[in-house]
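The values are calculated or read from the model by the stated rules, or taken from the named source; none is laboratory data. A quick note: this is a predicted structure, and the numbers were derived from the prediction, not measured. We place every Cβ from the backbone using ideal geometry, glycine too, and count neighbours over all the protein chains shown.
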Amino acid sequence: MTKSSDASTVLGVCLNQFSFGFAVCFRNPSGDVCLSRVLGYEMNRDPRFRQFSWQSVFTFNDIDKHVQVHLKNVYSTLSVGLILSCVAAYAFTLSTFLQSMTTMLMVLSFITTLGSSLYIYFTPHSTESLSARLSAFFLFAFSTGLGFGPLLHVVSIINPETIPTALLGAAVIFVSFSLASLFTRKRYYLYLGALLMSAMSMLATFSFVNLFMRSPAIYQAELYIGLMLFCGFVVFDTQMIVEKRKCGDTDFIWHTLDLFVDFVELFRHLLIILNSKRNRRENDD
């Protein structure tokens, strides 16, 4: 592999990480208000939040019917988005034409994911905007898969067996933590939000510093800490989606984007960790 292709791969991974960091931190305003209500702050700008009480945090009731319908919309949209992302990534690994334009595609992927997430964020959820916002999410998912193409292409050459292993591992982790979050009747996990976001900010700071230090130990620590953080985000985001819907927030598209980012980041961290372990074993042998 040439130096130019290596540079293109590094650029692609960096741009992809930045766009996902933006999507993780760029929270829905209605979701933020709902979280503030859960934490006990008084916000009465929207009348639908005035009926919120502390009892919803410790509710022991089963999931309401309208919440179940909302979750079906979220997970069905998530499934389609993940399929589109896989198709885009697989197309990149097969197409020499796309591989020859790696740098341009990575920049285009970054702009597209950023633009589509901004559009979803700033466009109110309504019947009229539903089709456009869905299209924006699917474009976000497809661009994300395209942005992952260079990383998957490199791994498919070095250790191709780690790709299905990482994908299966991410799926198992995501489903397990989602079910744990849905089946628990206490909403203690809602309080993870501040801790997770603080840890994410610290991790981003260490990542930036390590760009200059180039410490392998810090890099490995970032991978494992990041993996644990996104496991926590799966639990937190799942319970937040339930509570947001109880508060009257029906924006399943942004809720889907939250979980989509969680799943893809789980997969990315697992893929890099497994590939690094495999390379170390081969070097030791």
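Points worth noting:
- Residue in segment 220-242 that is in contact (Cβ under 8 Å) with a residue 60 or more places away in the chain and touching a His at 6+ places or on another chain (Cβ under 7 Å) present: yes
- Qualifying residue in segment 101-115 (condition: among the aromatic types (Phe, Trp, Tyr) and out of contact with any helix residue (DSSP H, G or I) (no Cβ under 8 Å at 6 or more places or on another chain)): no
- Among the candidates Arg278, Arg214, Arg268, the residue that is touching a residue at least 40 places away in the same chain (Cβ under 8 Å), among the basic types (Lys, Arg), surrounded by fewer than 21 Cβ atoms within 10 Å (Cβ to Cβ) and farther than 17 Å from Gln68 by Cα is uniquely Arg278.
- Any chance Ser176 is out of contact with any helix residue (DSSP H, G or I) (no Cβ under 6 Å at 6 or more places or on another chain), under 24 Å from Gly81 (Cα atoms) and not hydrophobic (A, V, I, L, M, F, W, C): yes
- Thr113 meets each of the listed conditions (1) surrounded by fewer than 17 Cβ atoms within 10 Å (Cβ to Cβ); (2) in contact (Cβ under 8 Å) with a residue 60 or more places away in the chain apart from (1).
- Selection count where residues are part of a helix (DSSP H, G or I), surrounded by fewer than 16 Cβ atoms within 10 Å (Cβ to Cβ) and at pLDDT below 75, scope segment 42-88: 4
- Search result, residues across segment 63-93 that are under 22 Å from Met240 (Cα atoms), among the hydrophobic types (A, V, I, L, M, F, W, C) and free of Cβ contacts under 8 Å to residues at least 24 places away in the same chain: Val69
- Residue within segment 117-135 that is farther than 23 Å from Asp249 by Cβ and among the hydrophobic types (A, V, I, L, M, F, W, C) present: no
- Once segment 139-162 is narrowed to residues that are part of a helix (DSSP H, G or I) and out of contact with any helix residue (DSSP H, G or I) (no Cβ under 6 Å at 6 or more places or on another chain), the residue that is surrounded by the fewest Cβ atoms within 10 Å (Cβ to Cβ) is Ile157.
- Within the option set Ile173, Ile225, being at pLDDT 90 or above and closer than 28 Å to Lys72 by Cα holds for one residue only, Ile173.
- Checked against (1) surrounded by fewer than 16 Cβ atoms within 10 Å (Cβ to Cβ); (2) over 19 Å from Thr77 (Cβ atoms), Leu179 passes all but a single condition, namely (2).
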